[in-house]
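Chemist: Following this message is one structure expressed as structure tokens.
The values are calculated or read from the model by the stated rules, or taken from the named source; none is laboratory data. Since we're looking at a predicted model, the values are computed, not measured. Every residue, glycine among them, receives a Cβ derived from its backbone with ideal geometry; neighbour counts consider all protein chains shown.
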Amino acid sequence: MFFLGFSAGLPLLLILGTLGFWLREAGIDRSTIGYLSWIGLLYAGKWLWAPLVDRLPIPFFNQLLGRRRSWLLFAQILIILGLLGMAHFEPKASLNTLVWCALLVAFGSATQDIALDAFRIESADERHQAALAATYQTGYRLAMIWAGAGALWLAARAETTSNLYDAGAWQFAYQCMALSMLVGSVTVLLSKEPVRIELKKARTASAWLYQTLLEPFIEFIQRYGWHAVLILSLIATYRISDVVMGIMANPFYVDMGYTKDEVAAVSKIFGVIMTLVGAFIGGVLTLRFGVMRILLIGAILSAVSNLLFAWLATRGHDLTGLIWVISADNLSSGIASAAFIAYLSSLTNVQYSATQYALFSSMMLLLPKWLAGFSGAFVDTYDYPTFFIASALIGLPVLVLVWFIAQQKNK
């Protein structure tokens with residue numbers, strides 16, 4: 001699960017944050033970078049084809065590897081091909097083709113997530129699931145470091161010119177990222193296929209669609225009644241401040257004059273440490289004070305950390321300021337994420353956990369990712385300080401939702 005978690009965590013930043021840094025160095029305008037963040041909407045829609053991954057076999061590969069491993073390997077091949085394509089095409093000359101390659105990476109990555117969740121759940125009994133999930137998250141986080149700070153470091157090492165932008169250096173970095181995906185592919189080939197779970201067979205196509213797509217959602221609505229609207233609204237908006245701000249973070253670093261080495265070092269050292277500390281603190285506080293209180297604290301911290309970026313935008317090239325702001329942002333993100341994951345897990349019915357959790361995790365990205373697409377145009381129209389302040393303010397309704405839902409739970 002550690003190596004498969006690494007394979008799952010690698011592609012995300014390569015089509016979002018790291019790609020944004022590359023595009024901005026290449027001279028792509030911020031509005032375009034913002035709109036291209038809509039590539040991430042594929043993750044928000046993965047629940048649409050999750051039933052197909054769950055039930056349909058891949059010809060030949062299914063007989064050779066089994067249902068779960070064949071889908072995992074198929075998804076990883078798509079990711080590798082997409083990353084190699086991104087490495088082959090230069091943004092200024094072939095931006096449209098590069099975007100299609102990034103979409104292939106996103107589709108393969110979302111499909112891998114679906115197959116991997118099923119693989120993990122079916123590979124061990126309930127008593128071992130927590131250990132598998134923790135190991136998976138460790139590999140996932142390390143992969144994000146490698147895809148973020150690691151890719152910047154590789155690109156900086158491969159530069160052959162003193163100019164700000166060296167296309168060959170970025171293409172080398174993405175080739176290395178494609179090669180890194182082989183970690184997951186080798187793991188799939190060396191792993192055992194989980195014991196197959198026989199699914200209840202529907203007699204008609206309409207019955208199959210009902211069992212697969214509608215029944216889990218109907219159960220959720222019946223269980224929570226009209227409160228389901230509030231809960232789904234909170235899920236859809238809780239990460240909105242973080243996601244909207246995050247799309248412009250790397251273009252902001254480039255525009256402020258930070259080098260790839262500086263951003264890589266600060267993200268790798270201070271960002272990672274504070275994320276882990278934040279996740280630990282969030283987990284402990286959630287156990288001690290309950291999930292709703294820490295959800296509220298996490299939402300407040302997420303908004304406040306965006307205001308720190310507004311302050312940093314007035315400082316120019318301030319490396320010390322960057323260290324403090326990234327540390328504070330990752331600490332707040334770790335606390336908020338720990339509480340939010342605990343909250344999502346508490347909402348699912350064990351009989352429909354995979355489908356319901358896929359729906360929740362998709363919903364939490366849909367609105368924020370859509371809104372984030374306009375972030376570059378907003379910065380172009382106004383400026384970075386105004387953008388960061390606005391990204392903090394749009395998180396205020398989240399505080400009201402958390403408070404209201406907590407009051408309903410206490411009745």
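Chemist: Kindly indicate whether Ala303 is touching a helix residue (DSSP H, G or I) at 6+ places or on another chain (Cβ under 7 Å) and under 30 Å from Ala50 (Cα atoms).
Modeler: No; evaluated as a whole, the condition is false for this residue.
Chemist: From the list Leu10, Leu83, Leu65, Leu36, which one is within 23 Å of Ser375 (Cα to Cα) and either buried (at least 22 other Cβ atoms within 10 Å of the Cβ) or touching a residue at least 60 places away in the same chain (Cβ under 8 Å) (or both)?
Modeler: Step by step, each of Leu10, Leu83, Leu65, Leu36 is checked, and only Leu36 is within 23 Å of Ser375 (Cα to Cα) and either buried (at least 22 other Cβ atoms within 10 Å of the Cβ) or touching a residue at least 60 places away in the same chain (Cβ under 8 Å) (or both).
Chemist: How many residues, within the stretch 86-109, are closer than 14 Å to Ala50 by Cβ and crowded, with 23+ Cβ neighbours inside 10 Å?
Modeler: Matching residues across the stretch 86-109 total 1.
Chemist: Please indicate, with yes or no, whether at least one residue in the stretch 323-331 is touching a Ser or Thr at 6+ places or on another chain (Cβ under 6 Å), among the charged types (D, E, K, R) and either outside the structural domain of Gln137 (by TED's automatic domain parsing) or closer than 30 Å to Glu219 by Cα (or both).
Modeler: There is at least one residue in the stretch 323-331 that is touching a Ser or Thr at 6+ places or on another chain (Cβ under 6 Å), among the charged types (D, E, K, R) and either outside the structural domain of Gln137 (by TED's automatic domain parsing) or closer than 30 Å to Glu219 by Cα (or both).
Chemist: Does the stretch 205-217 include one or more residues that are at pLDDT 85 or above and crowded, with 16+ Cβ neighbours inside 10 Å?
Modeler: No, there is no match, as no residue in the stretch 205-217 is at pLDDT 85 or above and crowded, with 16+ Cβ neighbours inside 10 Å.
Chemist: Output the qualifying pairs, or none if there are none: Cβ atoms under 8 angstrom, residues six or more apart or on different chains, first residue in the stretch 282-305 and assigned by TED's automatic domain parsing to the domain that holds Val402, second residue among the basic types (Lys, Arg).
Modeler: Leu285/Arg293; Met292/Lys409; Ser302/Arg239
Chemist: If you don't mind, another one. Across the stretch 385-411, what is the total count of residues that are surrounded by 15 or more Cβ atoms within 10 Å (Cβ to Cβ), assigned to a helix (DSSP H, G or I) and in contact with a helix residue (DSSP H, G or I) (Cβ under 6 Å, 6 or more places away or on another chain)?
Modeler: Total meeting the criteria: 11.
Chemist: Looking at (1) part of a helix (DSSP H, G or I); (2) at pLDDT 75 or above; (3) surrounded by fewer than 19 Cβ atoms within 10 Å (Cβ to Cβ), can you tell me which one Ala133 breaks?
Modeler: (2)
Chemist: Also, quick follow-up: Against the definition (closer than 16 Å to Leu36 by Cβ, in the same structural domain as Ala133 (by TED's automatic domain parsing) and either modelled with pLDDT under 90 or among the aromatic types (Phe, Trp, Tyr) (or both)), how does Phe107 come out, yes or no?
Modeler: Here the answer is yes, as Phe107 does meet what is asked.
Chemist: So, Gly290, is that one more than 27 Å from Leu142 (Cβ to Cβ) and modelled with pLDDT under 85 or not?
Modeler: In short, yes.
Chemist: Can you tell me which residues in the stretch 319-328 are within 21 Å of Thr259 (Cβ to Cβ) and in contact (Cβ under 8 Å) with a residue 40 or more places away in the chain?
Modeler: Leu319, Leu322, Ile323, Ile326, Ser327
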